[in-house]
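The values are calculated or read from the model by the stated rules, or taken from the named source; none is laboratory data. Because the structure is a prediction, the values reported are computed rather than measured. Heads up, the Cβs are rebuilt from the backbone with ideal geometry, glycines too, and the neighbour counts pull from every protein chain shown.
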Amino acid sequence: MGDEVKRVQEKVSAFRRKYYLSIFLKGSLLSAAIVLAYFLLAALLEHALWLDSSIRLLLFGLFLGLIAFCLYRFLKDPLRFWVANKGLDDEQSARLIGEQIPTVKDRLINFFQLSAQAENSMLGAASVRQKAIEFEPFSFEGVINLKENLRYLKYLSIPLVAALIILVFNSSVLTKSSARILHFNQKFSPEAPFKFIINNSSAQAFANEDFLLKVSLEGTAIPSDVYLVRGDQRMKLVNEKDNSFTYQFDRLQEDLTFQLEAAGFYSDAYTITVVSRPELSDYNLLIEYPNYIQRKKEEIKNAGNLEIPEGTRITWRIGTNNSKSVSLSFANDPNSPYPLTNPEENLFTFSKNFRNSTTYELGLSNENGSNKDLIRYQLDVVKDKHPELSVLSSKDSVLYQYISLSGALSDDYGIKRLNLVVLDENTKKASREIAIPIVNNLSQQNFFFLWQLDTLKLEAGDRINYYIEVWDNDGVNGSKSTRSATYTFALPTKEALTENIRQSEKATQQKISQSQARAAELQKKLEEASKQLKSTQSMNWQDKKKLEDILQQKKELEKLLDELKQENKDLLDKKDAFTEESERIKEKAEQIQKLMEELLDDETKKLFEELEKLMKENADPRQMEKLLDKMQKNSGNLEKELERTLELFKQLQLDSKVEQATEQLNKNIEEQKQLLEKTEQSEKSNKGKEAESKSNEALAQEQEKLAEESKQLGDQLEEIKELDKEVSGTNLDLPSEEQQENVEQQQQQSKESLEQGKPGKSKDAQQKAIQQMQQMKEKLESMQSAMSMEMEMANLESLRQIIHGLIKLSFDQENLINNFRELNQSDPRFNPLAQQQIKIKDDAKILADSLLALGKRDAMMGSFITKEVTELNDHLDKTIEANKERRRGPAQSEMQFSMTSINNLALMLDDHFDMMMQMMANAKPGAGKGKKKGKPQSLSQMQQQLNQRIQEMKNGGKSGKELSEELAKTAAEQERIRRALQEFQEKMKQQGKEMPGGDLLNKMEQSEMDLVNKQLTEQLIRRQKEIESRLLEAEQSMREQEEDEERKGETAKDYNKEMPKAYEEYLRLKEKEVELLKTVPPKLYPYYKQEVNEYFKRLRDQ
């Protein structure tokens, strides 16, 4: 269509818009008039009548209904047109326009109808455009006159004027009445003669918390009761004094609206708004302990009171609800409170290190308030304590070679180091520190340190002061230390050491005498018990009691002998460390120590153990009788050996004291000569009187000191004289008392001359004293040399005679054995031959007594003598007893054994004779001491020589007496090798090493029996070669072990290998400590850790 048609359509649309606007204006004025009139009517009714809630609800409903009616009745069409674009179409609009404009009439309707039909026709379109041009002069919207709607204002003006009048004079008529109608569900009453006043500062309450409503009344007439009205509920308020009332709401969950009512009058509606208070939902602490206490990080949930070590870092991780901020406040902290960071929603964190105990408070807040209850916790910081130290210091009271330091260390978290601090004697400051090995960072431990003093190079009379200092591993404040008391170690003076050695010698001699008495008593009781058992068939209570007493006495004697060995060993060590003795004296002392160690042999111990076992088993008295006979024999040996040891010990003391006196005299002579030189120099010098006087005074003091030493020498000589009386076989020619007095007199004159300032006169007296002392020295040395030589010669001669006597006795016994072989029991020669056996026994007794007497003078003679003599006497007694009963077989067997014992003694004494001859040959004239023997042959070399002799005897064709003598010597030599190997094996066993040789001892015993029985067989030769080969292998193995030990061992100092008792106690405590630690959980809180430490301390102190 053309533009003309569009213009017509736009004019029609403008008409439609204005048409509906006119309808809207009319409807609005009428609706407003009707609604306002109803509002005035309802408000006036409510104001006048104070209608009930139901009527107010009705009025409010009618008001809403009236508004809906007006909208539907007057405003429906324009609203539909504007909102939904629904209303008049073009034809309807054209009809309305035609009615208003007569010239138009139906022409506009026809125009729209033609327009609809001419869409596809060119002719129709032209016709439509022609008609459209005809409507150009007309304005269709002008048909509508909006001013015509003003006539409806008269309907609105009446209620509007009425409302304005009411508002001017009493606005509450409309405002309050309308409010009551709007709040139709609340109760209202006419204005009361009093007012309801809410005294709460805020109408806000926190969720899940109680809210106390505070109300007061003001007015001319105050009712006594006030009620809270909420819906259908009516609750009475608590009447407080002064017209005040309260009511508590419990744990509010949501907003609350209520009214107050009193005396029929109602208050306005009040609302309590429920808001959220900040809340703590999660409370976690991350505990980071200081590194040095070696505890892992720890997370603690929902616990605020803590006990932590100093230096611990705590990180708070606090979860909240409805919190905007969280803070921590610490007591005595000027920087408090600390705001917590908020990395995540409702999560707050904060970290801090702690050195001191404190309390802290947690604060939560939001826009409505803060946390209701005070959140306060205690934080106890446990300070790192000083380490604790207990020390036991014990010194080597024998050799003064070491100080043993032991004790206990404890700390709350661990020990870092332990030092031995040596103080300077003058400045009293630390001059040296020695680290003591400990286990680092272990909180409780024992320690032991053996402080060897040889590196200090102490001399007699020196003193050292020292203490122990321990440091803990405090990583926060730095290591703290605790020191022990200061200890003092004083090395005795030379005089004190000499006196100590003298007292030790006396104590050892007394213990030997005491042991001898105990052994004699034990021997006596054994004899009594043996006699008692021979006369009884069964043991009674008294017999058992005697045997129990014997066992107890044996244990006491064994303990006494052990103490004796140890005391003598300590004495030897003291002498070796603090005195200078000759090799001869040392060899004697070592031999006596060896005799002491062999006093109670294994055989005797086994016999007593067997007796104890038989007593427990209630064995037959005959068995015990035999056992007691063996024990009696061994006990007799012990008594004799103790008697011999005592005599040898006295001889050793005598030799030692003579040697010491000689050395002391030498020393005195040298010191007197030095003093003489000083006196001569003083006489020649040209000093002033004052200097000369001081010099003479110093020389006089030195002379006085020498005089004191001479008196001490005199005391030593007196002691030697007393000891000489106790030792048998000696008669020493000591310097006379007159000589000693002359020396002392000359020294006194020298001193007086020096004090008088006459060094020349003093010089003469000193020279005379030196001459006298020189004479005394020569006499002592000659006496010592003569005494040693005379004793050695006498011992050698006695030994030679004994050996010859034993050889003769052996031949006599062998002849008697041969004669007995030709006899039968009824032979008349039996008794004469038996008398010859008795004579052999008497001769053997004489030789045995001589031999035992020799043993008391010769310390180098082993303890085998006493055992072999006892064995010989036992076999001879049994031979005589068998002869009395004419038991030829046992008699011959015992004769053979007795001859073996005689041969053994002869061979052993012959070796000892050779050794004495060699020692005398190697002795230096005038030296007073002998050299040590050269390197002895090894056992394999001795066995090789023995095997060669056996082979020679087998191939030599000897027979008769000559062969018997050779076989006896060979058997004795084999026995000596066997005993040497046995002794060596026992020493290796004591040292905990592998014992060489294996079953060689049994093979050697078999060879001895073959040699005694004159069985020189091939089997014997093969066995001997095997023994030799096995000995060589054992020696090679031992050499390799010794080389390994030498490569590993120290060569600087041979320390005492005995473990100190303090170290034994330390090892015991250490073992107990380890066992206890196995039962302790690795993770302990401080309180329980302290309890465990206290428990350990109590156990250690037990």
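Every residue in segment 616-645 that is at pLDDT below 70 and either among the aliphatic types (A, V, I, L, M) or touching a Phe, Trp or Tyr at 6+ places or on another chain (Cβ under 8 Å) (or both), please. Within segment 616-645, just 619 meets the criteria. Considering segment 137-219, the qualifying strands (runs of 3 or more DSSP E), each wholly inside and each with 1 or more residues that are hydroxyl-bearing (Ser, Thr, Tyr) and at pLDDT 75 or above, run over 211-219. Against the definition (modelled with pLDDT under 90 and out of contact with any Gly (no Cβ under 9 Å at 6 or more places or on another chain)), how does residue 469 come out, yes or no? The answer is no for residue 469.
Just a yes or no: is a residue in segment 505-528 of a type outside the set (S, T, N, Q), in contact with a Lys or Arg (Cβ under 6 Å, 6 or more places away or on another chain), closer than 30 Å to residue 575 by Cβ and in a helix (DSSP H, G or I)? No. Assessment of segment 250-262 against the conditions (among the aromatic types (Phe, Trp, Tyr), closer than 17 Å to residue 223 by Cα and not assigned by TED's automatic domain parsing to the domain that holds residue 360) yields no matching residue. Within segment 341-374, the set of residues being surrounded by 15 or more Cβ atoms within 10 Å (Cβ to Cβ), out of contact with any Ser or Thr (no Cβ under 6 Å at 6 or more places or on another chain) and among the aliphatic types (A, V, I, L, M) comprises 347, 362.
In a residue-by-residue description of segment 987-994, the property of being at pLDDT 70 or above, in the same structural domain as residue 902 (by TED's automatic domain parsing) and not polar (S, T, N, Q) applies to at least one position. Applying the condition of being surrounded by fewer than 18 Cβ atoms within 10 Å (Cβ to Cβ) and of a type in the set (A, V, I, L, M) to segment 677-707 and asking which residue is nearest to the chain's Cα centre (by Cα) yields 698. Scanning segment 646-660 for residues being under 18 Å from residue 717 (Cα atoms) and either within 55 Å of the chain's Cα centre (by Cα) or at pLDDT 85 or above (or both) gives a total of 10.
For (1) assigned to a helix (DSSP H, G or I); (2) more than 19 Å from residue 779 (Cα to Cα); (3) at pLDDT below 85, each residue gets a yes or a no:
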| position | (1), (2), (3) |
| --- | --- |
| 705 | yes, yes, no |
| 712 | yes, no, yes |
| 720 | yes, no, yes |
| 725 | yes, yes, yes |
| 731 | no, no, yes |
| 734 | no, no, yes |
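Based on this model, can you work out whether residue 694 counts as at pLDDT 80 or above and either within 19 Å of residue 751 (Cα to Cα) or of a type outside the set (Gly, Ala, Ser) (or both)? So residue 694 fails the test. Tell me yes or no: at least one residue of segment 349-361 is touching a residue at least 24 places away in the same chain (Cβ under 8 Å), within 22 Å of residue 476 (Cβ to Cβ) and of a type in the set (Lys, Arg). Scanning segment 349-361 turns up at least one residue that is touching a residue at least 24 places away in the same chain (Cβ under 8 Å), within 22 Å of residue 476 (Cβ to Cβ) and of a type in the set (Lys, Arg). Within segment 864-890, residues that are surrounded by fewer than 21 Cβ atoms within 10 Å (Cβ to Cβ) sit with their Cβ atoms under 7 Å from residues that are of a type in the set (Phe, Trp, Tyr), at 6+ positions apart or across chains, in these pairs: 886/830; 888/820. Whenever a residue of segment 304-318 is under 12 Å from residue 328 (Cβ atoms), its partners that are assigned to a loop (DSSP other than H, G, I, E, B) and modelled with pLDDT of 90 or more, lying with C-beta atoms within less than 9 angstrom and at least six residues away or across chains, give the pairs 314/354.
Do we have any residue at all in segment 219-236 that's touching a Lys or Arg at 6+ places or on another chain (Cβ under 7 Å), surrounded by 12 or more Cβ atoms within 10 Å (Cβ to Cβ) and hydrophobic (A, V, I, L, M, F, W, C)? Yes: segment 219-236 contains one or more residues that are touching a Lys or Arg at 6+ places or on another chain (Cβ under 7 Å), surrounded by 12 or more Cβ atoms within 10 Å (Cβ to Cβ) and hydrophobic (A, V, I, L, M, F, W, C). Sort through 296, 324 and tell me the only one that's within 27 Å of residue 211 (Cβ to Cβ), out of contact with any Leu (no Cβ under 6 Å at 6 or more places or on another chain), assigned by TED's automatic domain parsing to the domain that holds residue 366 and exposed (fewer than 14 other Cβ atoms within 10 Å of the Cβ). Matching residue, one of 296, 324: 324. Here residue 406 clears all of (1) part of a strand (DSSP E or B); (2) free of Cβ contacts under 8 Å to residues at least 24 places away in the same chain; (3) under 30 Å from residue 458 (Cβ atoms); (4) among the polar types (S, T, N, Q) except the condition numbered (2). Among residues that are closer than 28 Å to residue 361 by Cα and either β-branched (Val, Ile, Thr) or not assigned by TED's automatic domain parsing to the domain that holds residue 204 (or both), residue 285 is included. Only residues that are in contact (Cβ under 8 Å) with a residue 24 or more places away in the chain, surrounded by fewer than 17 Cβ atoms within 10 Å (Cβ to Cβ) and out of contact with any Asp or Glu (no Cβ under 9 Å at 6 or more places or on another chain) were counted in segment 251-267, giving 3. On the basis of being among the small types (Gly, Ala, Ser), part of a helix (DSSP H, G or I), over 30 Å from residue 836 (Cα atoms) and modelled with pLDDT under 80, does residue 921 make the cut? When the stated conditions are applied, residue 921 passes them.
Checking each residue in segment 323-353 for being more than 19 Å from residue 284 (Cβ to Cβ) and outside any strand (DSSP E or B) picks out 324, 331, 332, 333, 334, 335, 336, 337. Considering segment 566-597 alone, what residues qualify as being without any contact (Cβ under 8 Å) to a residue 60 or more places away in the chain and either of a type in the set (Val, Ile, Thr) or surrounded by 19 or more Cβ atoms within 10 Å (Cβ to Cβ) (or both)? Residue satisfying the conditions is 596 alone.
One residue stands out in segment 480-491 among those that are buried (at least 16 other Cβ atoms within 10 Å of the Cβ) and outside any strand (DSSP E or B): the one that is modelled with the lowest pLDDT, namely 491.
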